[in-house]
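Shown next, in structure tokens, is the structure this report addresses.
The values are calculated or read from the model by the stated rules, or taken from the named source; none is laboratory data. Values in this document were obtained by computation on a predicted structure and should not be read as measured data. For neighbour counting, all protein chains shown are included, and Cβ atoms are generated from backbone atoms with ideal geometry for every residue, glycine included. We work out accessible area using only protein heavy atoms, side chains counted, and drop any ligands, DNA or RNA first. Shrake-Rupley method; radii C 1.70, N 1.55, O 1.52, S 1.80 Å.
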Amino acid sequence: MKILFLGDVMGRAGRAAVMERLPKLREAWRLDFVVVNGENASNGMGLSGAHAKALLEAGADCITLGDHAFDQKDMMQFIQSEPRILRPLNYARGDVPGKGFRVFEARGGRKVLVTQALGQVFMKQPYSDPFSAVDQVLRAHPRGGLVQAAIVDMHCEATSEKMGMGHYCDGRVSLVVGTHTHVPTADTQILPGGTAFQADAGMCGDYNSVIGMEKAEPMRRFVTGMPKARFTPALGEATLSGVYVETDDRTGAATRIEMVRQGGRLSQAGPA
């Protein structure tokens, strides 16, 4: 399979880039399955139902969320009627709307497991153990058995925790990719057990910014320690950032991984 994972969509600029570029990439790269992290797509805070529809119509087969999953209140209801949207497995201990994993059908009837977990290191809330949560899902959905490919979105601050999840899942999934920090890391690799890995996919947003936000207010807070205004998403041309992976249908192992950077300010990258 040919799989594309796009990192955190950031505000209007990120949405516009996905809507413009993803349909062309699906055709040019002959993609079988696309996952988009959409948790910052609505004004940088959460994802609304209307914006979720736009990302799905642009070609996303699955949208993952994150710690801002329900910042847009209509998502509490929308996620229950739209199974292509996933919230983190360990978002909360009580009754949480939506699901933290799902088996999707890709082109040709092939099965793809997608799941997401929130990390614990440096996060604002004490989320429960992501490793045991992911382990339970993977035990029930063996790679190369019930599913032809499996993807884990590790949404957290620390690259060390993301790397830990990569090694923890090595040999059991096709791809472990980090989201949340909005900066693409240069560590794309295939781990010894055949799992593709990148610590952070980066964001789909304007990189002439502070992680997707207009520069003035974040810089003011860094320099003075005092807030003056709300953060607002930057509106310049966005770069689509993510990772491209090819997998073996028989084993679910990754056979190729490439960084993806399309459009905007960053140096361009993607499968030839």
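Looking across the range 128-147, just one residue is touching a strand residue (DSSP E or B) at 6+ places or on another chain (Cβ under 6 Å) and either of a type in the set (D, E, K, R) or without any contact (Cβ under 8 Å) to a residue 12 or more places away in the chain (or both), and that is Arg143. Does Gly108 fit the bill of being assigned to a helix (DSSP H, G or I), in contact (Cβ under 8 Å) with a residue 60 or more places away in the chain and either under 27 Å from Leu22 (Cβ atoms) or in contact with a Phe, Trp or Tyr (Cβ under 7 Å, 6 or more places away or on another chain) (or both)? Yes. Restricting attention to the range 172-189 and to residues that are open to solvent by 30 Å² or more (accessible area, probe 1.4 Å) and touching a Lys or Arg at 6+ places or on another chain (Cβ under 8 Å), the residue that is nearest to Leu65 (Cα to Cα) turns out to be Pro184.
Is it the case that the range 172-183 has a residue that's assigned to a strand (DSSP E or B), within 13 Å of the chain's Cα centre (by Cα), within 12 Å of Gly7 (Cβ to Cβ) and of a type outside the set (A, V, I, L, M, F, W, C)? Yes, the range 172-183 contains at least one residue that is assigned to a strand (DSSP E or B), within 13 Å of the chain's Cα centre (by Cα), within 12 Å of Gly7 (Cβ to Cβ) and of a type outside the set (A, V, I, L, M, F, W, C). Residues in the range 206-255 that are within 30 Å of Ala196 (Cα to Cα), among the small types (Gly, Ala, Ser) and assigned to a loop (DSSP other than H, G, I, E, B): Ser209, Gly212, Ala238, Gly252, Ala253.
Quick check, is Gln77 free of Cβ contacts under 8 Å to residues at least 40 places away in the same chain, open to solvent by less than 70 Å² (accessible area, probe 1.4 Å) and polar (S, T, N, Q)? When the stated conditions are applied, Gln77 does not pass them. Only a single item in (1) at pLDDT 95 or above; (2) among the hydroxyl-bearing types (Ser, Thr, Tyr); (3) under 27 Å from Asn43 (Cα atoms) is not met by Ser132, and it is number (3).
What pairs come up if the first residue lies in the range 243-260 and is closer than 15 Å to Arg143 by Cβ, the second is aromatic (Phe, Trp, Tyr) and buried (at least 21 other Cβ atoms within 10 Å of the Cβ), and their beta carbons are under 9 Å apart, counting only those six or more places apart or on different chains? As it stands, the answer is Val245/Phe5; Ala254/Phe197, since those pairs meet every condition given. Look at (1) surrounded by fewer than 21 Cβ atoms within 10 Å (Cβ to Cβ); (2) among the aromatic types (Phe, Trp, Tyr); (3) closer than 21 Å to Asp200 by Cα and you find that Phe33 fails only one, number (1).
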